[in-house]
Amino acid sequence: MSAAMWIHALLWLVGLLLLIAVVTVMGVWWERKFIGHLQRRRGPLHHGFHGLLQLPADMVKMISKEDIVPDSADPWLFQIGPLMVVVPAIAAMAALMFAPGFGLLDMNHGLFYIFAFQTLLPLGFAVIGWSCASKFTLIGALRAAAQLISYEIPMLLAALGVVVAAGSMRLTDIINAQAGVWYIFKEPLGFAIFGIAVLAEMNRTPFDLPEAESELVAGYQTEYSGMKFGFVQLAEYSVLFTGSYLVSALFLGGWNMPFLPASPLWLLLKIVACMTMTMWFRGTFPRLRVDSLMSLSWKWLLPIALVNIMAVAALALALPGIY
Amino acid sequence: MTPEVRAVLARHGAVLDESGFDPRADVARDAWRACAADLHATGARFFDITAIDRGEAVELVLVLVDTPSTQFTLRTSCPNESLRAESLAGVFPPAEWGEREVFDLFGVVFEGNPDMTRILQPDSSTIHPLRRSFELEERTW
Amino acid sequence: MGVVDDAEQPGFITTTLDKLLRWGRSRSMWPVNAGIACCSLEMMTTGAARYDFDRFGIMFRSSPRQADVMIVPGPITKKMAPIVQRVYNQMAEPRWVIAMGSCAISGGTFVDSYNVLPGAETILPVDIYIPGCPPRPEALLYGCLQLKKLISETSTIGSSRKPMYVPPVLPEEWPLELLGEYDALEAGAVWVQPERDSPPVTPLGDAESAPEDEL
Amino acid sequence: MVNFPRKGVEGSTETMLLNVGPQHPSTHGVLHMMCEISGETIVSAKPVIGYLHRGIEKLAESRTWQQDIVLTDRLDYVAQFSNEWAYCRAVERLAGIEVPERAEWLRTLLVEMNRITSHLIWYAGVTMDIGALGTPFIYAWVARERIFDFYEAVTGARVMPNWMRLGGVHTDIDSAMLKEMRDFLERDFPVEVDEYEALLVGNEIVQSRMKGIGVFSAEQLVEWGVTGPALRASGSERDLRKDVPYGVYDRLDFRVCTDDVGDSLARCRVRLAEIRESARMCVQIIDGMPGGDVRAKVSRALKPPVGDVCVRTESPRGELGVLVASDGTTKPLRFRVRSPIFYNLSAMPHMLPNHLLADMLVIFGGIDTSMGEIDR
Amino acid sequence: MFGSGLLKGLGITLRHALGRPVTELYPFEHKNPPANSRTFIAMHVNEEGAPACRACNTCIVGCPDRVLKLVKDPDDPKRAVEFVVNSGRCTYCGLCVENCPFDALYFTQDYERATRDKGALIYHLIEDGACTHEGEVDRP
């Protein structure tokens, strides 16, 4: 590895960590503000301009909170738990490309790399839930693991449809292949399945059973106070960012916009639009029940995803020019 | 009061008194459960079971609704020295909680109640507050 | 100049760090979502659209671990006392207690009852008292702003903080199940009143007025 | 609960005792539900109450008849006016006090508006339970605030009105305020209720969560002692405002809202229909309001004749019974409140087994508990 | 169609999101409660500056929670030397203001009285014969 590659990697690593910090701070602020206005109230207002200083205040308070380790908890797993969730979430962001050639590493199996790390998340949630030794976190963790695993398969299959269409797993190729028509128009079924599955991967409503406020107090994060809770929230928002990036890159044409020159700005706009969409859902929809959640994935999304792949493959073979 | 209810009360030797606001029937303590079971058979709906401390005895009051617009009370009294009565939990399912509350606040023990424990006060409490013998002390001016 | 010289003359860094901590803690008070009685209605109304709590960064958290403020909205009965005590003990340390409504301040209209404790002060170190039955949402907001002032005035250096764990202080005639130090429930153990090492630090009132008579 | 832990429902896993404890975001107050669950299905459930037992009935025995009205507000702190009215009707019947005509109309108006605010709190609770993050809850609160302003302008306090007196009411309502409330209830409020209906009953996710959950027949519910909207959702016509007409209910035309399916969604539909029905009734009451004074002359040291009476009233949660016994002195001998939710909740151990944990909240929301009245 | 209810729900929330919020900015826009709102009680002053209370004990007896305390002037039973209300225990039921035959008590419009120590909640409406004005309110 040449020295330039090291510097490039180091710079991008710092850039990614800063990106996550900004995404989390602005994400939480925008979520509280947007859902506030959704509910006809103002949201954070008096601390800083329209509440902008609200999140730094939360951070400062969370850092200085007491770090409680319950006696009945398994000390080691309890400490490692948040890390096991944050590390895969951040590692998955290494393969994101924000402009042609502008990204940490343009791997030719970028999509595969991202999904590989996303599959580690259920393990992290299970460790958190199990190590806190409280009944609510245990149920929350098992629900999280079951939900993430069962929604991964439709997500992969829907993404497979895109890979078949683009012919490569490199993110820049997928996005460049969408210069003309976005894949949302070529594979509407794939977009629908991928959207629902990513929503479930991000634990967002209507699939936010793991941290079901009303049933399980706070789900798997019940026992976390102070910075551990901050870490889990950091992981949640970076997964949200990665999910929104995938939806906008795979189906909404990444950085190219019809009739306008391609630039990372459009990609950023689409990501913010996708995140706002999830917040809109969070403010409106109630929560699914556990068994209907499972039956939706196994009995509905999976078969339709298979049909979608067959259709895409058949179309790709029958009329080569279509994709 | 419907004729069947009147017949049942007569059969159990209940002293009927319709002068008050609602008809009330006083029945002996040992016919308490049998009379309630027959009243339940005639279709009277359970409304409430409670007690009134008359000083020397605790009077059990069972309020039943025979027709939607009329109600009547079945009463019996337990002298202070033997606060016992047969439980109606088998006859009227909601009576189980009602009796637990009467036991908690008055100390009347109902034999046959599946869960004869306190319902409102903490289990470690030793008082039966609604008896007249229990005085509330005024703590502040 | 150093980070921590000693508690009496804190250096430059410590004072700015202290100011930052006070600023952060007072701007983000997360109450635990514990509604007891009628005052919890007004607490919900303050969280709703018209008098929005969220404007001041006050967001209801359902797990006591992530909460800083415990608003006690209602009378504490004998059966509820260990639960309220347990929720308080489960909260992470920089924590404050607001006694909302007459029942939490002094037992209110139920003070003579055999089953109600005369105020949240008997089992928790209370910081702010909000009179009213129930206090209006604006009065609750005013109380929270008073707490915000109290937090920003409480120096985080030195030992002016309250004791970490508040042992139960109830008279013997209310035997309660004894709960473990934090939350392991020892079934069956009957509570014996330990000597309190020191009475809870009376909250920082501007005038240390001695209560005239039995309240 | 006796031989715990037992084998699971299908004998697969051991059961686990989950305390949905007194401090829990969705138990609407301090109710402690001890559930024995195997996996996610509930094997048996036992509600533990008493965490808010303030001994109101003993306190009422050491106060005069007039001062007890202050205590009745704190019984069911969500439906305060119906508690006050139940107590006032019982004592007025015992003491034979004649209530002027306008007071009856005013009382009925405020109780029907209180039914709306009480059902709106139920609505907020149910939507919070199924996870809608409080958006419908906050929409319901906007309409509720509007009615609370009316309460404060009329009675002087938002939540604890203490407005009814023995023999009438404390303050009169001037016609301008009545007119303004009539416009709100006739024009803007039904539009808001359509919104609530769309957000709850119209939503497919809610239907998937509530349809077919907790289906109970009317006979079962009557057997378990359930009354009120929860019973009317299974097809029974029991409504005290029609069975034992009191106040001015016999002069109003309103229908008893029932539904014959009997599942949790039906209970939601019945309550939303009752909100609309109450709004229509309030408009009729305001139109037909006669003049006259609002309070009969009753001395503060009232001594009702010896005897006791039990009066039944239709509170938003069920049949509220007040049994008042007097021994001729200025203080009541016995003040017993038959709480509808006390007996509705006693039916929960029969309703909950082999439902999921998420269903427990949906069924639990169906009976709309408010702990002040259960624990007294 | 399956999703129609969901889309209608989204439409409602979007319409409210773009609409005007109904929040009142409390500490900056102070709105007085309506006229007869029952908040904290205070004592009227009659024309020659003495408190209007005639020490007739009606309110003391009428109060359900015994929250008021009256000390009569030993030599003039019609005058009150001290009138104390413990607003930490008061339930604001308004019976004292209603029962007073001389309308001496009235409700102030003030509700901002959260304090840090409990002693400050005991208000001496009459102190050694003179009416005390209500405490001034310090805005946060």
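The values are calculated or read from the model by the stated rules, or taken from the named source; none is laboratory data. Being a predicted model, the structure only gives us computed values, none of them experimental. Reconstructed Cβ throughout: ideal geometry from the backbone, glycine too, with neighbour counts over all protein chains shown. These accessible areas exclude ligands, DNA and RNA; they are computed on the full protein's heavy atoms, side chains included. Shrake-Rupley method; radii C 1.70, N 1.55, O 1.52, S 1.80 Å.
Things to note:
- Three-way shape call for chain D based on the alpha-carbon gyration tensor, with the a/c threshold at 1.5: oblate
- Whole-percent carbon and sulfur share, accessible surface of the range B:17-67, 1.4 Å: 51
- Where Rh is the Kirkwood radius over Cα pairs, Rg/Rh for the range B:3-81: 0.95
- What the range C:2-153 shows is 21 Å² of accessible area per residue, with the surface traced by a 1.4 Å probe over protein heavy atoms.
- Compactness of the range E:33-131 as Cα Rg over 2.2 N^0.38 Å, two decimals: 1.04
- Peptides C:15-27, D:334-346 ranked from most to least packed give D:334-346, C:15-27, packing being the mean of other C-beta atoms within 10 angstrom over each peptide's residues.
- Based on the Kirkwood approach, the hydrodynamic radius assigned to the protein assembly as shown is 32.2 Å, with every pair of different Cα atoms included.
- Ranking D:V222, E:V97 by solvent-accessible area of protein heavy atoms (1.4 Å probe, all protein chains present), from largest to smallest, gives D:V222, E:V97.
- Cysteines in chain E lacking a second Cys C-beta under 4.7 Å: E:C53, E:C56, E:C63, E:C90, E:C93, E:C100, E:C131
- 0 to 90° range, to nearest 10: angle between helix B:32-41 axis and chain B longest Cα axis: 50
- Rounded Å value of the spacing that divides the Cα centres of the range A:244-259 and the range C:56-88: 46
- D:A157 long-range amide H proximity, modeled H, under 5 Å: E:R38
- Look at the Cα gyration tensor of the range D:36-128: its axes a ≥ b ≥ c give a/c of at least 1.5 with a/b at or below b/c, and that counts as oblate.
- Dipole orientation for chain B: of the candidates B:A28, B:T67, B:A89, B:T67 has the Cα lying most toward the positive pole (charges on Cβ; Lys, Arg +1; Asp, Glu -1).
- Interface residues in the range C:107-135 - accessible area drops by 50 Å² or more relative to the isolated chain, probe 1.4 Å: C:T109, C:F110, C:V111, C:D112, C:Y114, C:N115, C:Y129, C:P131, C:C133
- Positions from the range A:59-76 whose accessible area shrinks by 30 Å² or more when the full protein complex is built, not the chain alone, probe 1.4 Å: A:V60, A:K61, A:S64, A:K65, A:E66, A:I68
- Average silhouette area of the range D:207-323, convex hull of alpha-carbon atoms, in square nanometres: 10.1
- Pairs exceeding 24 Å between alpha-carbon atoms, taken from C:K78/E:K118; A:K135/C:K148; A:K33/A:K186; A:K61/C:K148; C:K149/E:K118: A:K135/C:K148; A:K33/A:K186.
- Here is the list for the range D:268-298: trypsin sites (Lys or Arg not before Pro) lying in DSSP coil, each with at most 13 other C-beta atoms within 10 angstrom of its C-beta, are D:K297.
- 0 to 90° range, to nearest 10: angle between helix A:3-38 axis and chain A longest Cα axis: 70
- Normalised per residue, the accessible area of chain E is 48 Å², obtained with a 1.4 Å probe and no contribution from ligands, DNA or RNA.
- Across the options C:T14, C:W30, C:L41, the greatest Cα extent toward the positive end of the charge dipole of the range C:2-153 (unit charges at beta carbon of Lys, Arg, Asp, Glu) belongs to C:L41.
- Among the trypsin sites (Lys or Arg not before Pro) within the range E:1-83, those in coil by DSSP and having at most 12 neighbouring Cβ atoms inside 10 Å are E:K31, E:K78.
- Peptide B:122-129 - average C-beta neighbours from other chains (10 Å radius): 6
- Expressed as a whole percent, the accessible surface of the range D:56-374 that belongs to carbon and sulfur atoms is 53, based on a 1.4 Å probe.
- Under-5 Å amide H pairs with A:R287, H placed in peptide plane, nonlocal only: D:G131, D:A132
- Sequence-distant lysines (8 or more away, or on other chains) whose Cα lies within less than 22 Å of E:K8: D:K211
- The fraction of accessible area contributed by carbon and sulfur in the range A:248-309 is 84 percent, rounded to a whole number (1.4 Å probe; ligands and nucleic acids excluded).
- When the accessible areas of E alone and C alone are added and the area of the pair subtracted, with a 1.4 Å probe, the result is around 3400 Å², both sides summed.
- Accessible surface buried upon B-D contact (total; probe 1.4 Å; Å², nearest 100): 3400
- The residues packed around A:P264, meaning those with a beta-carbon under 15 Å from its beta-carbon, carry a net charge of 0 if Lys and Arg are +1 and Asp and Glu are -1.
- Accessible area buried between chains C and A, both sides summed, probe 1.4 Å, in Å² to nearest 100: 2700
- Using θ = phi - 60° and Karplus 6.51 cos²θ - 1.76 cosθ + 1.60, couplings along the range A:276-288 (whole Hz; Gly, Pro as x): 5, 4, 5, 5, 4, 4, 5, x, 10, 8, x, 9, 6
- Phi-based couplings in Hz for the range A:44-49 (Karplus 6.51, -1.76, 1.60; Gly and Pro marked x): x, 9, 8, 9, x, 5
- Comparing E:P33, E:P74, E:P64 in a Gaussian network model of chain E (Cα springs below 10 Å), the most mobile by mean-square fluctuation is E:P74.
- The P(r) of the range D:111-245 has a tail past 17 Å containing 70 percent of all C-alpha pairs.
- From the C-alpha gyration tensor of the range A:49-198, square roots of 5λ in Å: 35, 21, 15
- Highest average packing first - A:224-234, C:28-38, Cβ atoms within 10 Å: C:28-38, A:224-234
- Proportion of all alpha-carbon pairs of chain B beyond 18 Å (%): 56
- Each peptide among B:31-38, A:236-243, C:91-98 gets the average number of other Cβ atoms lying within 10 Å of its residues, and from highest to lowest they stand as A:236-243, C:91-98, B:31-38.
- Overall form of the range A:214-323 per C-alpha gyration tensor (a/c, 1.5; a/b vs b/c): oblate
- Computed with a 1.4 Å probe over protein heavy atoms only, the accessible surface of the range A:100-218 comes to 32 Å² per residue.
- Across the range A:190-204, rounded Karplus estimates of 3J(HN,Hα) from the backbone phi angles (6.51 cos²θ - 1.76 cosθ + 1.60, θ = phi - 60°) give x, 4, 4, 5, 4, x, 4, 5, 5, 4, 6, 4, 8, 6, 9 Hz, Gly and Pro being marked x.
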